[in-house]
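Each remark here refers to the structure printed beneath this line.
All of the numbers you see were taken from the coordinates with simple rules; none came from a lab. As the structure is a prediction and not an experimental result, all values here were calculated from the model. Methodologically, a virtual Cβ is constructed for each residue, glycine included, from the backbone with ideal geometry; neighbour enumeration extends over all protein chains shown.
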Amino acid sequence: MRLFLVRHGETEYNRKRKMQGYQEIPLNDRGIAQAAQLAERLAGERIDHILCSDLRRAVMTGCIVAARCAAPMSYDAKLRERDPGDLVEQSYDVASRFFWDADYVPPGGESVPDFRARVRSAFTRIQAEFEGKCGTLVVVAHGHVCHAFVEEFFGSAHSDGVGTTNAAITIARLEGGEWLLDQASCAAHLKDSPPIAVGDIIQELQGS
């Protein structure tokens with residue numbers, strides 16, 4: 001089974017460098033354009049299923065890919081971003097320990113060990129549910145989830161920069177019950193300016 005693990009498109013909180021946590025923040029225009037470019041990149045693949053975090057920014061990204069690739073979609077709350085607790089609404093600079101200090105537990109939030117265990121559990125379930133039944137799976141999640149997946153299964157030597165780019169793709173595959181990494185955080189499909197009709201995509205999403 002091939003896996004395309006994707007970080008959602010950009011939101012206004014991403015652009016402003018603010019912690020969004022579990023808030024239902026939608027994609028902004030640039031994020032919608034990134035998701036459309038992602039969908040075009042994946043249109044050349046035979047996508048069997050799309051599995052998304054249930055947060056709105058991931059769901060919107062998944063819907064745009066699903067509309068282009070004609071693939072069914074489902075949701076898993078275990079793919080949510082690491083919970084920053086009381087750091088929600090804070091700037092990245094104020095909340096900097098959340099990003100670099102593995103021993104830091106944000107007030108009301110999720111520790112790194114608990115988060116990593118959740119990510120490992122999510123991908124163990126993905127393996128059990130989809131291996132042998134799905135040729136190509138797209139998982140739409142969040143920056144910390146993408147980074148944790150690579151660190152958990154392939155080690156920190158491969159995780160540098162993973163999860164920092166909206167709508168980037170990490171490509172892996174399952175062979176004999178083992179995850180193998182093909183490419184980490186590829187953003188070659190993304191353009192600086194949105195060349196697509198964002199309004200048409202929003203209308204399509206609202207009608208779906």
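Given the DSSP H assignment, sum -39500 (n - 2.57) over each helix run of at least 4 residues in the chain and divide by its residue total; what's the result at 222 nm in deg cm²/dmol, nearest 500?
-11500 deg cm²/dmol
In terms of the Cα gyration tensor, with a ≥ b ≥ c the square roots of its eigenvalues, is region 13-82 rounded because a/c is under 1.5, prolate because a/b exceeds b/c, or oblate?
Taking the square roots of the gyration eigenvalues as a ≥ b ≥ c, region 13-82 is oblate.
Indicate, rounded to the nearest 5 percent, the antiparallel portion of the DSSP beta bridges found entirely in the chain.
The antiparallel proportion sits near 50 percent.
Taking neighbour Cβ counts within 10 Å as the exposure measure, how do Cys63, Cys52, Cys134 sort from fewest upward?
Cys134, Cys63, Cys52
Around Met73, which amide H atoms from residues at least 5 apart in sequence, or from another chain, sit under 5 Å from its own amide H, with H modelled in the peptide plane?
Placed amide hydrogens put Ile50 under 5 Å from Met73.
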